[in-house]
Structures are given as C-alpha cells and as structure tokens.
Amino acid sequence: GVTKLPLERGKKLREVLREKGLLHRFFQHHRYDIATKFPHAFSDR
Amino acid sequence: TEVATEPLLNTLDMEYYGNISIGTPPQDFTVVFDTGSSNLWVPSVSCTSLACQNHQTFNPSQSSTYKSTGQNLSIQYGTGDMAGIVGSDTVTVASLVDTNQLFGLSITEPGQFFVHVKFDGILGLGYPNLAADGITPVFDNLVNESLLEENLFSVYLSRETTGSVVIFGGIDESYFTGSINWISVSYQGYWQISMDSIIVNGQEIACSGGCQAIIDTGTSLVAGPPSGINTIHSAVGARQDTYGEYHMNCSSISAMPDVIFVIDGVQYPVSALAYTEQNDQGPCISSFQNTSGDLWILGDVFIRVYYSIFDRANNRIGLAKA
C-alpha cells in the first residue's frame, strides 16, 4: 500500500535557455508570471 | 464535443520528474509530478508540432486498453498552449496500476520553448476540483481503487540529480528528522495554506498580518508579491537585472541571512545556500521571484528543506526537516 516513485532532478528550462543564450530573448518576448498558474487560488486581500 | 480547459502551467521552472507508463503494452513517459495542477497529459502520436518531435508520444492504436471519449482538451502553459483530446487507459505509476484513467493527449504544442524540456508531460497531484471538466485525477483514482494504504502522499526532494521520491500512500521516516508539524489546507484546490509572516534578521519583512501560500512541487522557486520579494532581496543584498532575475555575489552567500517562513506559529528557516543557485557562467542567482498576485508559492527551494506530506484524508500538509 506504500509505493515509492523515484524522481530525477533535471535542468530547468530556464537553465537550458540561459546556456543556449536564449533566456534574454525569452523574457523579451514573453511576460513570465508564475501566478498565472494559480488562477483559482483565493487571496486574503 | 465538449471543450475542457486547465489552468495555465509554467514550464520554465520545473525541474523534478519521474517515469510512468500508459496503455497495454505500456508506453513510457517522463512527467513532472505537480502538486500545482490536477490533470495528467502527454503528447499524442498525432502531434506534429516541433515541441512534440523530441518527446515520447502516446499511440492509442498501439494500446489494447485505450478508449476514446470524443472530448476535446485545451491547456495553456507558460509560453505556449496545447490542444488535444481526452482518452482513457491504464496508467502505471511505479507498481500501482490505475485502470480507466482519463488523461489528455496533446495534438498541438505550439510553444516554441517546450522543445527544450526533458519531460514529456505533467501529472497533477492537486485536488480534483482543479481538474479539467471533472476528470478524476490519478491520485484520486488510486485511492478509489483501494491501492494505497493511506489517503496521502509525501515528497522528498534532493539537491542531487537522483535520490528524490514521491511516496504514494505513506510517510518514510528515513527522509526527515524531528517531528511533523501539521497545517490545515485553507483552500482544497491547490495545496494552499495560511502563512503568518516572513522574517529576516529578526524582522518581519513580508506577509505581515498573514498571507496565503501554495506548496508546489511543480515550481522550483519561492515566489511572492513584488513588495515582499523586493524587501527580501534588499535584506539579503541581491540586485535585479534587466530581465527580472536577482543576482548576488557568490562569495557573500555564507554571510547572508536565513529567510524564515512562519506558518501556524512555527518557524521554517531556509538558508542562503538553499535559496541561491550558482551557474557556471556568472554570478549567483536568487531563487526568490516576483509574481503579479499576493500569493506566495513555496516551491522546490522550500520542499528540499522540508519533507512535505500531502494528506488528503485530513486536508492538511505535514512539514518536517528533510
């Protein structure tokens, strides 16, 4: 009834783009906002 | 056909993934186990987008247990979006066999940057009310099929490439020390809790009077509103660059203070070594980042320090020193 699933820590897309010299281009063309992942969260305010 | 939608997913800052298989015989996929969403999706063999070309794709015609639903699915994530269909098949997660699981199959993935990520799809571990069009999440199906000893899962994240685990149905005491502090979930959708404050150098510098936080395995950073993040960076001496990342001198990390998250009256310190990253090419980068809202996202940076138990039976999160 207890099952372990191993996870691997890989390179973030952020790091891959940084190494390829594409990260600045990414930020120039996209407004990146982690909050957009959580549209259904409630806030206190 | 119905069109189902799923919350926006960000792929820029996802870094832990594991393997599952779908179908009979099994087709293997690498997915992010994401407590910040609730659906399973992988690319379809029908996907012709560039982003699908270097990922594993699911071929329904090669699975004897696949069933079509005729339902469409649309998912946006970060810099692009995915459109696809909903199918049903057997999903195998480690030794757990989840039959008749509904999941998304992407037909188009126009986001140009997804081509660079190593994982093929995402397996959401959030509550069912976040799931697209009422699809039952994988974890709920595992519970409904009585495959788990307890209605909970726990996560240990290592700093190393290997050694991290998701434990379905239980807690492994070898991954933490001391006692477990239990925190009630404040909203049963995301794994959301109430946080009291954030302290640096003995001063309450953010989240004053309380705020909401989400424990998210699918975000590598700690993110929060700009006012709080800026105050933290001022306190630790980080500078913002043109593109919104915060840098600091690597040689000063040992002198930088802990950032302490206070939850239910308990202090959870995160050291400078834990909240900074050093890459080969430049200065050290802060793992704190601005968001547009007033939510705090406690991602992998926090979970690496605190073994996290996601207790669906009691709607609470357990935290213990990893």
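Any read-out appearing in this document is the output of simple, stated calculations on the displayed coordinates, not a laboratory observation. The structure displayed is predicted, hence computed values, not measured ones. Cβ placement follows ideal geometry from the backbone for every residue including glycine, while neighbour counts extend to all protein chains displayed.
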Inside 10 Å of the C-beta atoms of A:24-32, what's the mean count of C-beta atoms belonging to other chains? 5
Angle in degrees between helix B:226-236 and the longest Cα principal axis of chain B, rounded to the nearest 10: 50
Using helices alone, what [θ] at 222 nm do you get for chain B, with -39,500 (n - 2.57) per DSSP H run of 4 or more residues, divided over all residues and rounded to the nearest 500? -2000 deg cm²/dmol
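What average count of beta carbons from other chains do you get within 10 Å of the Cβ of residues in B:294-300? Spell out each step's value before the answer.
On the way: counts 5, 8, 0, 5, 0, 1, 2.
Counting Cβ atoms of other protein chains within 10 Å of each residue's Cβ and averaging gives 3.
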Starting from the Cα gyration tensor of region B:160-204, take the square roots of the eigenvalues, sort them a ≥ b ≥ c, and report rounded, prolate or oblate (rounded when a/c is under 1.5, otherwise prolate if a/b is larger than b/c, else oblate). oblate
Please order B:106, B:63 by the number of other Cβ within 10 Å, starting at the fewest. B:63, B:106
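Rounded, prolate or oblate: pick one for region B:89-169, where a ≥ b ≥ c are the square roots of the eigenvalues of its C-alpha gyration tensor, a/c under 1.5 means rounded, and failing that, prolate if a/b is larger than b/c, else oblate.
Numbers: a/c = 2.02, a/b = 1.16, b/c = 1.73.
Because a/c hits 1.5 or more and a/b fails to exceed b/c, region B:89-169 counts as oblate.
State, as an integer percentage, the relative contact order of region B:261-322 based on alpha-carbon contacts under 8 Å between residues 6 or more apart. Each step should come with its number before you reach the end.
Numbers: 48 pairs, mean separation 12.5, N = 62.
Contact order relative to length: 20 percent.
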I want to verify a result. In a Gaussian network model of chain B, Cα cutoff 10 Å, which of these has the top mean-square fluctuation: B:99, B:11, B:162? B:162
Charge-dipole axis of the protein assembly as shown as Lys and Arg at +1 and Asp and Glu at -1 on Cβ define it, positive-most pick from B:322, B:202, B:84: B:202
